[in-house]
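What follows is calculated from the coordinates using simple rules that are stated; it is not laboratory data. What you see is a predicted model, and the numbers here were worked out from it, not measured in a lab. Neighbour counts are summed over all protein chains in view; Cβ atoms, including those assigned to glycine, are modelled from backbone coordinates with ideal geometry.
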Amino acid sequence: MARAAKPRLSASEHHRRMEIKATRLREIVTTIILTPLALIWIYPFLWMVSAALKTNDEIFRSGANLLPKALTFENFERAWVQANIGLYFLNTVVIAAGSVLLVLATTSMMGYVLGRYRFPGRRLVVGVFVATVFLPKGYTIIPIFDLILGLGLNGTLTGVILAQSGGAHIIFILLFAGYFGQLPKELEEAAIVDGAGFLRVFLQIMLPLSKPVIATVVIMQLIASWNDFLLPLVLTLPAPELRTLSVGMYAFRGEYYIDWSGMAAAATISIIPIIMVFLAMQRYFIEGIAGAVKS
Amino acid sequence: MALAPPLSVSKPRKQTAISLMLRRISQHRWVYLFMLPSLILTALFTLYPIFASFYFSLFQWSGFTSDAYYIGLQNYQEVVPDKQFWNAFEHSFIFMLSSVPIKLSLALGIAILLNDRALRLAPIFRTMFFVPVVTTTAIVGIVMTFIMSPFNGPINTIMLDLGLIARPIDFLGDPKIALFSVVGVEIWKWLGNPMIYWLAALQTIPASLYEAAEVDGANWWRKFAFITLPLLKPFAIVIVLITAVGTLNVFALVQTMTGGGPYFASEVMEVYIYRTAFGAANSMTLPRLGYASAAAAFFGVSVMFLATIQIFAARWANRERAGLAAAETQLGDS
């Protein structure tokens with residue numbers, strides 16, 4: 001029996017080896033196709049960091065060579081002090097922190113009640129939020145500016161934080177609603193027996209359980225806020241000292257037009273932290289983006 | 001629901017619909033309280049501005065602190081024959097039509113390659129393609145003006161060294177190519193988003209389908225054309241919609257790379273609106289808020305119209321898919 005089966009076994013073994021070979025070949029071909037493309041994709045950042053470490057003279061003379069002859073750190077000093085990047089960095093951090101906290105609070109509360117409760121008006125609220133997806137947005141900067149002016153918040157960081165947090169954030173709400181909706185009922189029932197109220201159930205039991213969604217919302221809103229341009233540009237028109245990194249660099253571009261290494265250093269200071277945050281929390285961010293299509 | 005006191009549910013008393021409703025509402029008072037912050041912010045910064053845009057468009061209004069005069073539809077009468085408006089309108093659509101197909105098909109190609117479990121470097125490649133998405137658009141735009149510069153910019157330097165061109169190309173200063181240079185950067189910057197969308201969609205296709213096709217001797221192309229593409233279709237409509245509308249909103253890249261120039265050759269709608277409403281500080285003209293609102297409302301409605309057509313297309317495609325699924329179950333039964 002065993003002897004008779006042997007040649008057949010080795011035939012299937014041979015087949016399996018061929019398959020592994022084909023898979024390896026496929027992997028090699030794919031890697032060869034993707035590597036140059038992926039390098040093009042990160043080249044601008046490599047150039048930026050390399051230019052920030054060179055002198056202006058060297059940038060112009062070295063052509064496409066990315067490696068600096070000697071590391072020059074004075075560009076960073078010049079950008080931080082002369083171009084006010086330090087101040088803009090602080091403004092950006094304050095705005096990002098404020099809008100992350102505000103968005104986290106509002107969307108988690110909204111998602112919690114939509115995900116766990118059936119109440120009169122629920123369909124209406126869901127309908128309004130879904131409708132905002134299809135209404136024309138992005139061309140509404142004039143009323144937003146007028147509103148901030150009317151609230152007396154023109155030229156304040158609070159105004160920028162509020163305006164950034166005021167989007168409908170439908171994806172965050174859906175993520176929270178979906179997550180809270182699938183948690184078992186027994187969780188809160190036990191707590192209610194113990195005498196916990198609505199607020200305590202939410203804060204002490206539900207919210208701590210939703211850490212994965214919180215992580216997604218925090219990183220997505222952080223990156224959105226850090227990268228925002230039109231809102232802070234318009235809302236800080238009367239107060240240059242409140243500019244964010246993107247607005248500040250835009251304003252200074254005219255002045256420091258020839259100082260490539262200084263601008264590259266300022267850009268590096270602005271961009272590298274957000275890339276680091278992304279690399280550290282990549283999984284949550286990708287999940288959030290994918291959620292846009294799945295939901 | 002869990003917090004509804006059990007007493008109230010079992011009360012057998014006759015009640016009118018209104019008092020029942022009121023009681024249900026008061027039972028849920030915490031629910032309404034929880035919705036309030038989100039509703040207020042959305043009402044103020046999303047809903048109100050949409051309607052206010054239309055309202056403001058009926059006024060002649062030159063500056064936020066000055067008085068506005070009601071002039072009816074005069075702004076619209078002026079927008080329709082305005083060459084600068086149509087110039088920006090056209091550029092926005094050229095921008096969208098040249099960027100979206102390339103971005104989406106390239107992203108799909110990369111996503112299919114990355115979705116292959118044999119590729120061990122896939123997570124690293126995915127990160128590399130995605131990094132531009134998370135970086136600050138305005139700053140990327142400024143860095144790109146250096147990278148594309150005709151004076152020692154690295155792209156021109158490399159192409160000159162390779163002998164691909166005889167003299168530097170002025171990517172952002174040549175009116176014929178400025179808009180497309182920005183399109184190129186936009187594709188590079190945002191490719192990661194549709195790539196992740198496609199990956200998410202590809203992961204919903206069960207591997208068993210491909211295995212069954214392999215047993216039947218289907219080659220790579222047939223698997224792509226008869227399994228991957230049809231199953232991606234319902235996702236594709238959403239992805240096209242999100243990407244197209246997002247691309248029509250382009251502002252930061254154009255504003256920082258060309259400012260709409262040279263000579264308005266790359267001015268898109270958002271840049272035009274910004275220039276008409278806020279850009280007056282640098283020139284001698286007065287801001288025209290009512291007029292800019294009319295242009296914004298006109299363009300916004302056009303985009304919404306386009307999106308609505310897409311949604312109907314999506315409905316139609318999903319119905320077709322439902323029919324397909326029904327046919328499959330019938331085949332399975334027989």
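Taking one equal scatterer on every alpha-carbon of region A:79-294, how large is log10 of I(q)/I(0) by Debye at q = 0.09, 0.16, 0.18, 0.19 1/Å?
Listed by q, the Debye log ratios stand at -0.45, -1.13, -1.29, -1.36.
Computed FRET efficiency, Cβ-Cβ of B:Arg29 and B:Gln77, R0 41 Å: what is it to the nearest 0.05?
Efficiency computed from Cβ-Cβ geometry: 0.25.
Give me A:Arg123, B:Arg24 sorted ascending by neighbouring Cβ count inside 10 Å, so fewest comes first.
Listed from fewest to most nearby Cβ atoms, that is A:Arg123, B:Arg24.
Just counting partner chain Cβ atoms within 10 Å, what average do the residues of peptide B:118-129 show around their Cβ?
Average neighbour count from other chains, rounded to a whole number: 6.
Could you work out which residue, out of A:Leu245, A:Leu183, A:Leu235, moves most in a Gaussian network model of chain A, that is, has the largest mean-square fluctuation with Cα springs under 10 Å?
For chain A, modelled as a Gaussian network with Cα springs under 10 Å, the answer is A:Leu183.
Taking only the alpha-carbon positions of the protein assembly as shown and ignoring solvent, what does the Debye formula give for the base-10 log of I(q)/I(0) at q = 0.05 Å⁻¹?
-0.28
Work out Dmax and Rg for region B:178-320 from the C-alpha atoms and quote the Rg first, both in angstrom.
Every Cα atom of region B:178-320 included, Rg and Dmax give 21.1, 73 Å.
Where in region B:206-222 does the label zone of A:Arg24 land, with the point 7 angstrom along Cα→C-beta and an amide N cut-off under 17 Å?
none
Within the P(r) computed for region A:217-264, what percentage of the Cα pairs occupies the region above 13 Å?
Tail fraction, whole percent: 61.
From the cross-link list B:Lys83/B:Lys176; A:Lys54/B:Lys176; A:Lys21/B:Lys103; A:Lys185/A:Lys211; A:Lys69/B:Lys189, which pairs have alpha carbons spaced over 24 Å apart?
In this structure, A:Lys54/B:Lys176; A:Lys21/B:Lys103; A:Lys69/B:Lys189 lie more than 24 Å apart at Cα.
Give me P(r) over region B:82-333, computed from all C-alpha to C-alpha distances, binned every 10 Å, as integer percentages.
Taking every Cα pair in region B:82-333, the percentages come to 6, 24, 28, 22, 13, 5, 1, 0.
Please work out the Cα center distance from region B:86-163 to region B:30-49, rounded to the nearest Å.
37 Å
Using only C-alpha atoms and all pairs of different ones, pull out the Kirkwood radius for region B:92-149 in Å with one decimal.
When all Cα pairs of region B:92-149 are included, the Kirkwood radius is 13.6 Å.
If you look at just the Cα atoms of region A:135-179, how large are its Rg and its Dmax in Å?
Every Cα atom of region A:135-179 included, Rg and Dmax give 13.2, 38 Å.
Springs between alpha-carbon pairs under 10 angstrom, Gaussian network model over chain B: which of B:Ser19, B:Ser181, B:Ser92 fluctuates most?
Largest GNM mean-square fluctuation: B:Ser19.
In 5 Å bins starting at 0, how do the alpha-carbon pair distances of region A:86-202 split up by percent?
2, 10, 15, 16, 17, 14, 11, 7, 5, 3, 0
Can you tell which of B:Ile18, B:Ile242, B:Ile50 shows the greatest fluctuation in a Gaussian network model of chain B with Cα springs below 10 Å?
Result for chain B, Cα springs under 10 Å: B:Ile18 fluctuates most.
I'd like to know which of B:Ala294, B:Ile158, B:Gly109 lies farthest towards the positive end of the charge dipole of region B:82-333, counting +1 on Cβ of Lys and Arg and -1 on Cβ of Asp and Glu.
So the residue we want is B:Ala294.
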